[in-house]
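Contents: one structure, followed by commentary.
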Amino acid sequence: MIKKSIALALSLAASGLTLAGAGDHVSATDPYVRQAPPSAAATGAFMTLKNSGDTDVRLLRVSNPASRLTELHAHTHEDGVMKMRQVPSIEIKAKSEAVLRPGGLHIMLIDLKAPLREGETIPFTLTFDDGSSMQVDARIMRPSMGQMPAGK
């Protein structure tokens, strides 16, 4: 059994193939956290997740040290009202991207442990459906008109 495992590993190495996790072919661009007012208990984190791999990937969990709870969320329009709902995962299609932005998919930081200061960074650990993970540092930024939802 061990000899077969070693032979398979050597064969993969010789062919140039590797057994990589989603964290090896997903990248995050423009990560930021919306600065919340000092009395706010929650805020959102946003970024673009790019999947350069050949298979679809699902983001299942996110953790960070700034909040007691972190959830994946989406905004939906129901009967003319915009509502925010927790989602079990965010899909990142192969050779594509998932855009996390205000008014759409995003990461919610709930029950903030302390007020957020503009310019500081928060480390996030993103965990994918294959068990791999990656760390993303997101800068805390004051909300601006450019970060506002663009509508539907």
How many residues are at pLDDT below 95 and surrounded by fewer than 16 Cβ atoms within 10 Å (Cβ to Cβ) when one looks only at the stretch 69-84? 9
Restrict the check to the stretch 126-134 and report whether at least one residue is of a type in the set (D, E, K, R), touching a residue at least 60 places away in the same chain (Cβ under 8 Å), surrounded by fewer than 18 Cβ atoms within 10 Å (Cβ to Cβ) and assigned to a strand (DSSP E or B). no
Could you look through the stretch 51-60, keep only residues that are open to solvent by 20 Å² or more (accessible area, probe 1.4 Å) and part of a loop (DSSP other than H, G, I, E, B), and pick out the one that is nearest to residue 87 (Cα to Cα)? 56
Pick from 66, 42, 36: which is of a type in the set (A, V, I, L, M) and modelled with pLDDT under 95? 36
Scan of the stretch 26-50 for residues that are in a loop (DSSP other than H, G, I, E, B) and buried (at least 17 other Cβ atoms within 10 Å of the Cβ), ordered by number: 35, 36
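The values are calculated or read from the model by the stated rules, or taken from the named source; none is laboratory data. On a predicted model such as this, the values are computed, not experimentally measured, just so you know. FYI the Cβ positions are ideal-geometry reconstructions off the backbone, even for glycines, and counts take in every protein chain you see. The protein model used for the area step is the full one, side chains on, heavy atoms only, and it has no ligands, DNA or RNA in it. Shrake-Rupley method; radii C 1.70, N 1.55, O 1.52, S 1.80 Å.
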